[in-house]
Structure formats: C-alpha cells, structure tokens
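A short reminder: the numbers here are calculations on the coordinates, not readings from a lab. Just so it is clear, the model here is predicted, and its values are computed rather than measured. Cβ coordinates were reconstructed from backbone atoms using ideal geometry, including for glycine residues, and neighbour counts include every protein chain displayed.
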Amino acid sequence: MPIKIHACAAVLALALAAFAAAAVEPQRLDDGRLDPAWFGSGVEFRTTSVIDYVWVKPGFSLKGKKLRIEEWPDPVFVAKERRARDAARAYELAEQMPLRLRTVLRRSLQGFAEVTTEGGDLVLSGRLVDYVAKGTMGKSSPQATWDIKITDAVSGELLAAVHHRKLISLSTVEERIDMWLGKFGEALRDDLAIAASGEPASF
C-alpha cells in the first residue's frame, strides 16, 4: 500500500508541476509568432487595424523625450524554421530595420520627440521573428513579422510593446515597411492611444 501511495503522490506532483509550468509560460499569439515572454510579464495585448498587437503602459508619452533606437539582433524564427533563401532575406531586413526606424521616425516625430543613436530617455529595441516569400501563381508575396518594445533607459521598465505581421503584396518590401513605420510614428505621436480602442487579443 505505501508503494501505491508514493506512486500516486509522484504522479500528482508531476501533474501539478506541469500545470504550474503551463500557467507561468504565457501562451503565444499570432499562430505562434508572438512570444509574450520576450516582452515580460503583465502585458495584455490588444489588436488594432494599424498595429496587429499592441500594449502600452498608462501615461506613456514620447513628447519632449529622446528615443534611442538600438541595433537589432539576428532574426529569431519563433514559430517555424524557414528555408535558407527566406532566412537570408530576414537577416538583411533585420540589419536594415534600425536605420529605417530612425529615418522614418525622425520625420514622423519631428517637433515632438528626438530620435537618437546614443543616450536617450527611452530605448526602442526590436527583432524580426519571421519572414517568408510566398510564391503564388508565379508571383511573390513576402510576409515579414517583427516585435518592437520601448523601455525606460534607466530602469529598463517596459512602457510599450508591439507585434506586427506585414503582408507585402505591393511595391517593394522596403517601401511597404516604410509605409507601416510612418503609421507607427503617427501612433507614437498620439502616445499609442490606438491601444485603448483595440480589442483584447484572443488565442
């Protein structure tokens, strides 16, 4: 009898441990492309027409602040591995994104906030989490997905979190990304108030 009790207790302990691990690890969104763990705890994403998934801390504002845009790391294919050609393109885009962000946001935030490469009050960091060139009827419709977060430069506190997937069906990849970055800049100028009108993200 003691052996059976010990066995049952062990099974119960394993089940509780598995349940606890599942409860601690946040569930992924966007078909596995959005891993909330990269942003940190307490982020409750909302979906909008401009930004697929967005969260912002109450009181967030860039007005009068200096925003430092950091270099992006190598792509991390969160949902699934991609073929070599797509991976190579992803590396190119990840290398280009900080410069594209600086260029577009300097224009969008002119007179509202300063964009810099050093120092700063706030830090914008990002990463590319997926890229695939979808061939359809002999045509290519690339799709790129990225994460962006803004943190306090001193405390490291998360102030804003963004995840967006862009289907690039028209023009060039870079032009379509720049178009979205322009809208993102407008949303930043409005303190990401767009999040308040969004719907809670569903799994």
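Structure values in brief
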| quantity | calculated |
| --- | --- |
| Rg to Rh, two decimals, where the range 28-200 supplies the alpha carbon set and Rh follows Kirkwood | 0.95 |
| Amide N of the range 95-124 lying under 13 Å from the label point, which is placed 7 angstrom from the Cα of Val154 along Cα→Cβ | 120-122 |
| Summed residue charge, Cβ within 11 Å of Trp72's Cβ, Lys/Arg positive, Asp/Glu negative | -3 |
| Sequence ranges 52-63, 143-154, ranked by mean other-Cβ count within 10 angstrom, highest first | 143-154, 52-63 |
| Counted charge near Trp146, where neighbours are those whose Cβ lies closer than 9 Å (Asp, Glu -1; Lys, Arg +1) | +1 |
| FRET efficiency estimate (nearest 0.05) - Cβ-Cβ, Ser202 to Ala79, R0 25 angstrom | 0.90 |
| 18 Å reach of a label modelled at Lys166, 7 Å along Cα-to-Cβ, counting backbone N of the range 110-130 | 124-130 |
